[in-house]
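Novice: Mind looking over this structure? Questions follow.
The values are calculated or read from the model by the stated rules, or taken from the named source; none is laboratory data. This one's a predicted model, so the numbers in the text were calculated from it and none came from an experiment. As a convention, Cβ positions derive from the backbone with ideal geometry for all residues, glycine included, and neighbour counts pool all protein chains shown. Just the protein is used for accessible areas: all its heavy atoms, side chains included, with ligands, DNA and RNA removed. Shrake-Rupley method; radii C 1.70, N 1.55, O 1.52, S 1.80 Å.
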Amino acid sequence: MTNNNPVKTILILAANPTNTAPLRLEEEIREIDEGLRRANKRQQYKLEQKWAVRSRDFYRAILDYQPHIVHFCGHGAGEDGIVLEDDTGKMALVQTNALASMFKLFAKKGVECVILNACYSEVQAEAISQYVNYVVGMNRAVGDKAAVAFAVAFYDAVAAGYTVEEAYDLGCSQMISFREQETPVFKKNSLINAPIDGGAIAFEDVIPPNPYQGLSAFGEEDADFFFGQEKFAKNLVEIVQKQPLVAVVGPSGSGKSSVVFAGLIPKLRKQGNWLIESFRPGKEPFVQLASVLVQQLEPAAGATQQLREAVGLAGDLQQGRIALQQIVSHILERNSGKQLLLVADQFEELYTLCQVREERERFVDGLLAAVDRENMTLVLTLRADFYSYVLSSRPLLDALQEYTPLLLGSMKREELQAAIELPAQKLEVELEAQLIQRILDDVGSEPGNLPLLEFALTRLWEKQINRELTHQAYEEIGGVKKAIANHAEQIYQQLSETERKQAQRIFVQLVRPGEGTEDTRRVATRAEVGEDNWNLVSYLAGYPARLVVTGRQEQEDTVEVVHEALIREWVTLREWMNASRQFRTWQERLKVALREWKNDNHDSGALLRGVPLTVAEDWLRKRADEMTQEERDFIQLSVKERDRERQKKQRRRQLTIVGLSGFSAIAFGLAGLAGVGWWRAGINQIYSLARYSDALLNLDGSKAVETSLKAVLQMRRAPWVDADTRTYVELSLLN
């Protein structure tokens, strides 16, 4: 290879997506690094590493590091491409033609050699070799040990000053012991500088990977394409290093998460003295917090072991057996000279998803106690319309008065222009004259429009012609505000009639109706959206729909809308919610009642009663199929308890009637008797019956006695009743 640069960059891209066979990638990287360190010409090479799990990670790393050699180690799938992940964490294939298109651009930026150390990658090597001088692929499956042996020998030779072909030969020789020396295939493009023939792809026809985020927040790996909020990010970096609690508050869609993950965290990482963990509170905040703490406490543990540890630690934190500040102290003791940054993203989930007030209060108290410790900083992002919820907590109110929150408003016009223009410039794509101004006019200054802008740009990018974004394409996608709604409606209209009903059932469960606030998204479980609807959920989460995001919490599948902008802008969803608002509002309250009943160890006193139960029965008749089995069982159990109590009261009334009938019979029977002895015997019998009735019915026996004696008293004035009998009756009444 010939290059005027004195130092050449070798970029290793390693990918081992979820649900694929584990590879020895760390060993391969470590061995290559060690070989370069020992080489006699090591000063001529610089090694960079990147875990390129997603497609955008792959191309962004090449853009960032501008390497001369790109080494990919991971999985290959033959003609179908190489294996990476999509944005939802599922396995995704990068097709051969897309890979070749990318490397046509990268060859213009200095890439001279590509090593595809993945099974069945010869097809991709052949396609890439149209544009890159030297490419190595594998013509069949390659074993881990053989792949590592080839890579180490190849780079040992390169760093010793050998040519690429000689390095290839040495690598193959090291695979003889594994009987795989013929697996690597070497492709050399001797016509790389010749004019492109008519069958090749012109540079202008290549659509570079999309730099915009759509409805997703910018992550740490997206920092190089995060533009427009640099000033706020710089201020945030300075504040974080001065105070232990920083709240970033702004309206939905203002970019709170993006400015923290793509603006703050990358800059702190470069300082080298920060331990950084982030979480979302969710419905069980202690579990979410414990999960990230365990990653610092037990970094070498496997995923299963970390999960077990997290569950146990969450219980200790919640019950107060261990304080968060103790855990922080332990982490910092093991990492001398470091500071801990804890990011609580989307802090409003503590109020929208965690329904137990006492749990919320304990969680906040624990965080604030740890914040007081030196070398720990808590950053939280919070939607502005939930700020009043935070202020209802006196400890948190006091803390925010001491450490003033940073308020993030809508981006200024020049900031939005940078967010549109600079990512395109970085990939050598232009916007048609006045298109930026047109987009900015549509965006306006209303808060929450940033995700809509990003989504529109994502759609617009896919329609570029000759590396240019045009007015015509912008009209086709419906502009900024209608892009997401049009996309959702388009996906919805493509569904069958049955699937449309399923979609309504799904999306209504993904919205929490606002009570004094806007409707918000919620994380729903598989049971809540319906087991029979989960196949449609999977479709809506994948390409090209991208309307929901699936996940897993506490061994349970979950789903949520991709962004709250969908709730605001999609007319069909708003109509569904307006039609179901009463039901969904009631259902959210039912979930609270159900949770309280479970927390009270299924005490019958916590079951539904009275009007709430009557309302629940009515909804059960109307919309039982939109409830979980647990919710239906809770209502039915409440009905059984009510019916049992009704039957008990009915039996009491019947016994009361029987008892009082007996009292009356005795009283009237006395009227026909003469002499105080008979009267006294009758009155004593009344007392006995009353007490017996009292024992059976748990009633006030004295009332029953009084009722019967009054009947006798009415007869005491009868002319045939003597004076002694009258006196006895009156004294009995006084007693």
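Novice: Go through Ala153, Ala147 for me and flag whichever is open to solvent by less than 30 Å² (accessible area, probe 1.4 Å) and without any contact (Cβ under 8 Å) to a residue 24 or more places away in the chain.
Specialist: Result of the check over Ala153, Ala147: Ala153.
Novice: A follow-up question, please. Report, by residue number, each residue of the stretch 314-347 that is among the hydrophobic types (A, V, I, L, M, F, W, C) and under 21 Å from the mean Cα position of the chain (by Cα).
Specialist: Correct list: Ala314, Leu341, Leu342, Val343, Ala344, Phe347.
Novice: Shifting gears a bit: Do the conditions hold for Glu298, that is, is it in contact (Cβ under 8 Å) with a residue 60 or more places away in the chain and over 19 Å from Leu408 (Cα atoms)?
Specialist: no
Novice: While we're looking at this one, here's another question. Would you tally the residues in the stretch 220-252 being in a loop (DSSP other than H, G, I, E, B) and over 19 Å from Leu382 (Cα atoms)?
Specialist: Selection size over the stretch 220-252: 5.
Novice: Considering the stretch 421-446 alone, what residues qualify as being open to solvent by 10 Å² or more (accessible area, probe 1.4 Å), more than 30 Å from Lys104 (Cβ to Cβ) and outside any loop (DSSP other than H, G, I, E, B)?
Specialist: Those that are open to solvent by 10 Å² or more (accessible area, probe 1.4 Å), more than 30 Å from Lys104 (Cβ to Cβ) and outside any loop (DSSP other than H, G, I, E, B): Gln437, Arg438, Asp441, Asp442.
Novice: Given the condition charged (D, E, K, R), at negative phi, under 31 Å from the mean Cα position of the chain (by Cα) and at pLDDT 90 or above, answer yes or no: does some residue in the stretch 610-621 qualify?
Specialist: So in the stretch 610-621, the residues charged (D, E, K, R) come out as 617-618, 621.
If we keep only those that are at negative phi too, we end up with 617-618, 621.
Those still in the list that are under 31 Å from the mean Cα position of the chain (by Cα) too: none.
No, there is no match, as no residue in the stretch 610-621 is charged (D, E, K, R), at negative phi, under 31 Å from the mean Cα position of the chain (by Cα) and at pLDDT 90 or above.
One line per residue, one yes/no per condition, for (1) of a type in the set (Val, Ile, Thr); (2) modelled with pLDDT under 80:
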position: Ile12; (1), (2): yes, no
position: Leu23; (1), (2): no, yes
position: Glu27; (1), (2): no, yes
position: Glu34; (1), (2): no, yes
position: Ala39; (1), (2): no, yes
position: Arg60; (1), (2): no, yes
position: Glu79; (1), (2): no, no
position: Val83; (1), (2): yes, no
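Novice: All but one of (1) open to solvent by 10 Å² or more (accessible area, probe 1.4 Å); (2) free of Cβ contacts under 8 Å to residues at least 40 places away in the same chain hold for Tyr492; which doesn't?
Specialist: That leaves (2) as the condition not met.
Novice: Next up: Within the stretch 370-385, identify whether any single residue is open to solvent by 40 Å² or more (accessible area, probe 1.4 Å) and part of a helix (DSSP H, G or I), and answer yes or no.
Specialist: Yes: one or more hits.
Novice: Further question on the same structure: Would you mention how many residues in the stretch 285-339 are part of a helix (DSSP H, G or I) and either open to solvent by less than 70 Å² (accessible area, probe 1.4 Å) or on the phi > 0 side of the Ramachandran plot (or both)? Even if it seems obvious, please write down each step before you answer.
Specialist: Of the residues in the stretch 285-339, the ones part of a helix (DSSP H, G or I) are 285-297, 303-319, 324-334.
Within this subset, residues satisfying the condition of being either open to solvent by less than 70 Å² (accessible area, probe 1.4 Å) or on the phi > 0 side of the Ramachandran plot (or both) are 285-294, 296-297, 306, 310, 312-318, 324, 327-329, 331-332.
Looking only at that region, the number is 27.
Novice: Exactly one of (1) outside any strand (DSSP E or B); (2) open to solvent by 70 Å² or more (accessible area, probe 1.4 Å) is unmet by Arg552. Its number?
Specialist: (1)
Novice: Sticking with this structure for a sec: Within the stretch 182-191, is even one residue among the hydroxyl-bearing types (Ser, Thr, Tyr) and either crowded, with 22+ Cβ neighbours inside 10 Å or assigned to a loop (DSSP other than H, G, I, E, B) (or both)?
Specialist: The answer is yes; a qualifying residue exists.
Novice: Let me ask something additional. Have a look at Asn578, Asn601 and point out the one that is in a loop (DSSP other than H, G, I, E, B), of a type outside the set (Asp, Glu) and modelled with pLDDT under 95.
Specialist: The conditions single out Asn601.
Novice: Here is a further query. May I ask you to verify whether Glu515 is of a type in the set (Asp, Glu), surrounded by fewer than 21 Cβ atoms within 10 Å (Cβ to Cβ), within 30 Å of Asp64 (Cβ to Cβ) and modelled with pLDDT under 90?
Specialist: It is false that Glu515 is of a type in the set (Asp, Glu), surrounded by fewer than 21 Cβ atoms within 10 Å (Cβ to Cβ), within 30 Å of Asp64 (Cβ to Cβ) and modelled with pLDDT under 90.
Novice: Of everything in the stretch 98-144 that's outside any helix (DSSP H, G or I) and charged (D, E, K, R), which residue is surrounded by the most Cβ atoms within 10 Å (Cβ to Cβ)?
Specialist: Glu112
Novice: Consider the stretch 464-484. How many of its residues are touching a Leu at 6+ places or on another chain (Cβ under 8 Å), open to solvent by 10 Å² or more (accessible area, probe 1.4 Å) and not β-branched (Val, Ile, Thr)?
Specialist: 3
One line per residue, one yes/no per condition, for (1) under 21 Å from Asp57 (Cα atoms); (2) touching a Lys or Arg at 6+ places or on another chain (Cβ under 6 Å); (3) without any contact (Cβ under 8 Å) to a residue 24 or more places away in the chain; (4) among the aliphatic types (A, V, I, L, M):
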position: Lys108; (1), (2), (3), (4): yes, no, no, no
position: Ser121; (1), (2), (3), (4): yes, no, no, no
position: Tyr162; (1), (2), (3), (4): no, no, yes, no
position: Leu170; (1), (2), (3), (4): no, no, yes, yes
position: Met175; (1), (2), (3), (4): no, no, no, yes
position: Phe186; (1), (2), (3), (4): no, no, no, no
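Novice: When you look at Val559, is it in contact (Cβ under 8 Å) with a residue 60 or more places away in the chain, surrounded by 15 or more Cβ atoms within 10 Å (Cβ to Cβ) and not acidic (Asp, Glu), yes or no?
Specialist: no
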